[in-house]
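Enquirer: Supplied in structure tokens, the structure appears directly below.
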Amino acid sequence: MGSEAIHGELDERAAGAADRVVAWRRHLHRHPELSNREVNTARLVADHLRALGLDEVRTGIAGHGVVGVLRGAAPGGGRVVALRADMDALPVKDLCGAGFASEAVDAEYPGGPFPVSHACGHDCHTAMLMGAATVLAGVRDRLPGTVLFVFQPAEEGPPVTEEGGARAMVEAGAFEDPVPTMAFGMHVTPYPKGYVGYRVGNQYGASTLVRVVVTGKQVHGSTPWEGVDPMPAAGAVLTGIGQLYRQVSAFDPVTVTIGHVEDVGRFNIIGETVTLWGTVRCAVESDMAEVRRRLTTLAEHSAAAYGATATVEYLQSVPPVHNRGPWVEAALPTLRRVAGGERVRETGATLGYDDVSEFVSRFGGLYVMLGVQDATLDASGRPVPVEGGRGLATNHNPHFYADDDTLVTGVRLHAHVAYDHLTGALVAR
């Protein structure tokens, strides 16, 4: 049977699995779990992979990671493709409006209680890869290589006192036997339904979590002169951060965002500490060291000006997702076959991050975007809402949504990329 016939069979099998993929996605959406807490999600995945009769189903990797191993029976099996999906949800209220919206609350998570939802689409990623495992297991006799189905926990970042995520899976030995010759994944995004976006170079930026602790001297609110108030110093740091972008090249975007502020005290107490939690993003990884240096200097000197002190820590650093040109060139025929030539578009860079970069940078391969919303592209190639549709809602927004009908495209992408790589049609030259 030729490649064209196999591709057709992959599509038929994906269509046959579509209803189950939608059902998995809706179940996962209704029952989301935060980073490093993906117990039930991992169990659902592992049970399904075992039911498919895979050669191995490895569980408990770097927390709740799952890797299914499918060894093809066709000759010439030297290549190994790792297909990746992330499983964790976000501490974000679900306002997507669907009948299967999450009402989950995690009362035990550090810093909580938190409402929990799949406001980034990882429910879609998990369900699509479960579907791809179903499809590829059905043609294992014609696969000349090995497929790793990688279900990753803690992509959004574990609690700062815990380890987790893609790097932890690598360090746990998840890819030592067999070693991938390609990694592939995708992220659902506010882009026209069924469109695939790709980029040569950095698809996502470099990222690090930052914690700034400003320390003063606690005192009663009625006698501030007897203590040191850390609040004005924290305010000065927040104000100064807005000028950091002017201290590095304007041609390569950077951003420093403080997303959470916490203090210790009450309305009539000047507390001892104020902690600022945030993220640093750089389009070019080489800028990260300079931004970190300047942010540390800003925090320390601003605090000193108010008689306080500041300590700055950088945690959970993630390298950029970098798609090398030869891999993109090799993959474009596959992407266009699945989505249609007119639906495969080159996109701009983003300062979002995704620790799939740990896999792509080590093993080669690429990461693409899959559109799942009521959008069309304007003359400049930017997504705009379709009249009468649900509008556009970005990832991490409580209103984020994904169209179930697009999930089968993701299943097909995984299956076609895997088959093409194993047969040598999708290999960087």
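Enquirer: Take residue 111 and tell me if it is small (Gly, Ala, Ser), open to solvent by 30 Å² or more (accessible area, probe 1.4 Å), within 30 Å of residue 210 (Cα to Cα) and part of a loop (DSSP other than H, G, I, E, B). Give the steps one after another, and end with the answer.
Expert: Values: small (Gly, Ala, Ser): yes; open to solvent by 30 Å² or more (accessible area, probe 1.4 Å): yes; within 30 Å of residue 210 (Cα to Cα): yes; part of a loop (DSSP other than H, G, I, E, B): yes.
When the stated conditions are applied, residue 111 passes them.
Enquirer: Something else: Out of 184, 175, I need the residue that is part of a strand (DSSP E or B), more than 20 Å from residue 210 (Cβ to Cβ) and open to solvent by less than 30 Å² (accessible area, probe 1.4 Å). Which one? Explain how you work it out, then say what you get.
Expert: Values: 175 fails: part of a strand (DSSP E or B).
On inspection, the qualifying residue turns out to be 184.
Enquirer: Kindly indicate which of 133, 154, 234 is at positive phi, in contact (Cβ under 8 Å) with a residue 40 or more places away in the chain, open to solvent by less than 10 Å² (accessible area, probe 1.4 Å) and of a type in the set (Gly, Ala, Ser). Lay out the reasoning, then the answer.
Expert: On the way: 133 fails: at positive phi; 234 fails: at positive phi.
Exactly one of 133, 154, 234 is at positive phi, in contact (Cβ under 8 Å) with a residue 40 or more places away in the chain, open to solvent by less than 10 Å² (accessible area, probe 1.4 Å) and of a type in the set (Gly, Ala, Ser), namely 154.
Enquirer: So in the stretch 289-317, with the set limited to residues that are open to solvent by less than 20 Å² (accessible area, probe 1.4 Å) and under 30 Å from residue 347 (Cβ atoms), which one is farthest from the chain's Cα centre (by Cα)?
Expert: The selected residue is 295.
Enquirer: Could you go through the stretch 268-286 and let me know if any residue there is surrounded by fewer than 16 Cβ atoms within 10 Å (Cβ to Cβ), hydroxyl-bearing (Ser, Thr, Tyr) and modelled with pLDDT under 95. Working first, answer last.
Expert: Just the residues of the stretch 268-286 that are surrounded by fewer than 16 Cβ atoms within 10 Å (Cβ to Cβ), to begin with: 268-269, 286.
Okay, now just the ones that are also hydroxyl-bearing (Ser, Thr, Tyr), so 286.
From what's left, modelled with pLDDT under 95: 286.
The answer is yes; a qualifying residue exists.
Enquirer: Pull up the stretch 318-357, narrow it to residues that are of a type in the set (Val, Ile, Thr) and under 22 Å from the mean Cα position of the chain (by Cα), then point me to the one that is most open to solvent (accessible area, probe 1.4 Å). Working first, answer last.
Expert: So in the stretch 318-357, the residues of a type in the set (Val, Ile, Thr) come out as 318, 321, 328, 334, 338, 344, 347, 350, 356.
Among the residues that remain, those that are also under 22 Å from the mean Cα position of the chain (by Cα) are: 318, 321, 328, 344, 347, 350, 356.
On the way: 318: 18, 321: 0, 328: 4, 344: 12, 347: 29, 350: 55, 356: 3 Å².
Among those that are of a type in the set (Val, Ile, Thr) and under 22 Å from the mean Cα position of the chain (by Cα), it is 350.
Enquirer: A follow-up question, please. Is it true that residue 61 is surrounded by 14 or more Cβ atoms within 10 Å (Cβ to Cβ) and more than 20 Å from the chain's Cα centre (by Cα)?
Expert: Numbers: surrounded by 14 or more Cβ atoms within 10 Å (Cβ to Cβ): yes; more than 20 Å from the chain's Cα centre (by Cα): no.
Here the answer is no, as residue 61 does not meet what is asked.
Enquirer: Taking the stretch 385-411, which residues are aliphatic (A, V, I, L, M), out of contact with any Gly (no Cβ under 6 Å at 6 or more places or on another chain) and open to solvent by less than 50 Å² (accessible area, probe 1.4 Å)?
Expert: Step one: list which residues in the stretch 385-411 are aliphatic (A, V, I, L, M), which gives 386, 392-393, 402, 407-408, 411.
Of the ones still in play, those that are also out of contact with any Gly (no Cβ under 6 Å at 6 or more places or on another chain) are 386, 392-393, 407-408.
Within the stretch 385-411, 393, 407, 408 meet the criteria.
Enquirer: Check whether at least one residue in the stretch 317-327 is at pLDDT 95 or above, under 30 Å from residue 73 (Cβ atoms) and not small (Gly, Ala, Ser), and report yes or no.
Expert: yes
The values are calculated or read from the model by the stated rules, or taken from the named source; none is laboratory data. In this text, all values refer to a predicted model and were calculated from it rather than measured experimentally. Using ideal geometry, Cβ is built from the backbone for each residue, glycine included, and neighbour counts are taken over all protein chains shown. Note: accessible area is taken over every heavy atom of the protein model, side chains too, but ligands, DNA and RNA are not part of it. Shrake-Rupley method; radii C 1.70, N 1.55, O 1.52, S 1.80 Å.
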